[in-house]
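> This is the structure, below, for whatever I ask next.
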Amino acid sequence: MNIINEERMVHASPGAVWAVMSDIARWPHLLSTVDKVTPLDAAAGGVGARFAVKQPGIPELIYEVTQWVPDENFTWVAMSRGVRTVGRHLISAAEGGAHLRVSLEWQGPLSKVITVLFGTRTANFLRVEADTFAASAMRE
């Protein structure tokens with residue numbers, strides 16, 4: 001199991017952070033780390049919603065939302081040969097705003113190989129995403 005985390009204190013309400021972070025279909029317009037998001041279901045969010053996500057230098061993955069708690073968190077999971085990718089997006093109220101945490105975890109027999117191949121890039125992506133979510137929420 002290999003986990004990469006990024007955390008930020010955001011001077012905006014948890015609701016403002018959630019509004020930016022949970023609008024997954026908008027990510028390609030907001031984030032330089034996402035080339036394309038294709039919703040595969042009618043639902044824009046919520047448990048069971050699926051999205052095809054293409055990021056620079058990473059094969060397209062199909063993520064399915066497994067947890068969705070508005071204004072607090074969502075988790076999604078992508079399965080590929082030998083590895084399960086779990087992305088977590090967490091928001092909690094904090095003095096002066098919200099605490100934001102984004103993380104990616106690789107599980108399975110190929111998780112160490114994936115970490116070697118994509119770990120540095122993914123850490124950079126999570127850093128950009130946390131910064132962008134925070135800055136965008138503060139502008140809302």
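> For the range 20-32, state whether one or more residues are of a type outside the set (D, E), farther than 23 Å from R139 by Cα and open to solvent by 40 Å² or more (accessible area, probe 1.4 Å). Show your work before the answer.
Quick first cut of the range 20-32, residues of a type outside the set (D, E) only: 20-22, 24-32.
This time we only want the ones that are farther than 23 Å from R139 by Cα, so: none.
No, there is no match, as no residue in the range 20-32 is of a type outside the set (D, E), farther than 23 Å from R139 by Cα and open to solvent by 40 Å² or more (accessible area, probe 1.4 Å).
> If a residue has to be closer than 21 Å to N124 by Cα and open to solvent by 70 Å² or more (accessible area, probe 1.4 Å) to count, how many in the range 40-61 make the cut?
2
> Could you grab me the full set of residues in the range 1-33 that are without any contact (Cβ under 8 Å) to a residue 60 or more places away in the chain and of a type in the set (A, V, I, L, M)?
Hits for the range 1-33 are I24, A25.
> How about the range 45-66: which of its residues are touching a strand residue (DSSP E or B) at 6+ places or on another chain (Cβ under 9 Å) and assigned to a loop (DSSP other than H, G, I, E, B)?
First pass over the range 45-66, keeping only residues touching a strand residue (DSSP E or B) at 6+ places or on another chain (Cβ under 9 Å): 45-55, 59-66.
Once the filter is applied, which keeps residues that are touching a strand residue (DSSP E or B) at 6+ places or on another chain (Cβ under 9 Å) and assigned to a loop (DSSP other than H, G, I, E, B), the range 45-66 yields G45, G46, V47, G48, A49.
> Anything in the range 63-87 that is within 15 Å of E105 (Cα to Cα) and aliphatic (A, V, I, L, M)? List them, or say none.
If the condition is that a residue be within 15 Å of E105 (Cα to Cα) and aliphatic (A, V, I, L, M), then V65, V77, A78, M79, V83, V86 are the ones that fit.
> Same structure, new question: Return yes or no: is G82 touching a Pro at 6+ places or on another chain (Cβ under 6 Å) and either modelled with pLDDT under 95 or at positive phi (or both)?
Numbers: touching a Pro at 6+ places or on another chain (Cβ under 6 Å): yes; either modelled with pLDDT under 95 or at positive phi (or both): yes.
It is true that G82 is touching a Pro at 6+ places or on another chain (Cβ under 6 Å) and either modelled with pLDDT under 95 or at positive phi (or both).
> Out of everything in the range 32-44 that is out of contact with any strand residue (DSSP E or B) (no Cβ under 6 Å at 6 or more places or on another chain) and modelled with pLDDT under 95, what residue ends up being farthest from H99 (Cα to Cα)?
My answer is A42.
> Evaluate the following for R8: is it assigned to a strand (DSSP E or B), open to solvent by less than 70 Å² (accessible area, probe 1.4 Å), within 14 Å of E129 (Cβ to Cβ) and of a type in the set (D, E, K, R)? Quick ask: steps written out before the conclusion?
On the way: assigned to a strand (DSSP E or B): yes; open to solvent by less than 70 Å² (accessible area, probe 1.4 Å): yes; within 14 Å of E129 (Cβ to Cβ): yes; of a type in the set (D, E, K, R): yes.
Yes; evaluated as a whole, the condition is true for this residue.
> Which condition does V69 not pass, out of (1) touching a residue at least 12 places away in the same chain (Cβ under 8 Å); (2) more than 21 Å from D131 (Cα to Cα), if it passes all the others?
Failing condition for V69: (1).
The values are calculated or read from the model by the stated rules, or taken from the named source; none is laboratory data. Since this is a predicted model, take the numbers as computed values, not measurements. Glycine also receives a Cβ, built like all others from the backbone with ideal geometry; neighbour counts cover every protein chain displayed. The accessibility values were calculated without ligands, DNA or RNA, using every heavy atom of the protein model including side chains. Shrake-Rupley method; radii C 1.70, N 1.55, O 1.52, S 1.80 Å.
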